[in-house]
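A short write-up of the structure that comes next.
A short reminder: the numbers here are calculations on the coordinates, not readings from a lab. Since the model is a prediction, treat every value here as computed from it, not as a measurement. All Cβ positions, glycine included, derive from the backbone under ideal geometry; neighbour counts span all protein chains shown.
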Amino acid sequence: NDLFKSAQFEKAIGIYTEAIEACEKDSSPVAISCYNNRAACHQQLSNFSAVIRDCSHVLEVEPTNQKALLRRGLAYEGLERYRLALQDIRALLALDPSIDIANKAQHRIGAAVRALKDM
């Protein structure tokens, strides 16, 4: 977490990867936390495909993990995969409608989908 806080995202990715590999089970709470944290690092580097991969792993184990839903939704938005982005953002808002960043993302992504329909 210190590497993340000091914006050393590449180094942090390496540390989280080592920690995941050291875990006995890919679905252990420690591994899930590391996948989620590694996704946050990838997000800072705009590595959207890697964010989606790590968050999808988290969501296979914990389907209601709010951080993973938000990160994956925003990563889908970054790749202009708006329908998938909306699915994740709406799933997150169904869990907690008060998440401001998710509400803003839903409006932004919804507008992008409508604009594409108008083309």
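Quick notes on this structure:
- Listed pairs LYS5/LYS25; LYS67/LYS104; LYS5/LYS67; LYS11/LYS104 exceeding 24 Å between Cα atoms: LYS5/LYS25; LYS11/LYS104
- At R0 = 30 Å, FRET efficiency that the Cβ-Cβ distance of GLU21 and LEU45 yields, to 0.05: 0.90
- Each of ILE99, ILE109, ASN47 was placed along the dipole of the chain (beta-carbon charges, centred on the mean Cα), and the one lying farthest toward the positive end is ILE109.
- In a simple Cβ point-charge model (Lys, Arg +1; Asp, Glu -1; nothing else charged), the chain has a dipole of about 500 debye relative to its Cα centre.
- As a calculated quantity, the FRET efficiency between SER6 and VAL30 at R0 = 22 Å, using C-beta atoms, amounts to about 0.50.
- Taking label points 7 Å from Cα along the Cα-to-Cβ direction, LYS67 and LEU95 give a separation of 1.1 nm.
- When the Gaussian network model of the chain links Cα atoms closer than 10 Å, the mean-square fluctuations of ARG71, ARG81, ARG38 top out at ARG81.
- Rg/Rg_ref, the chain, where Rg_ref = 2.2 N^0.38 Å and atoms are Cα: 1.10
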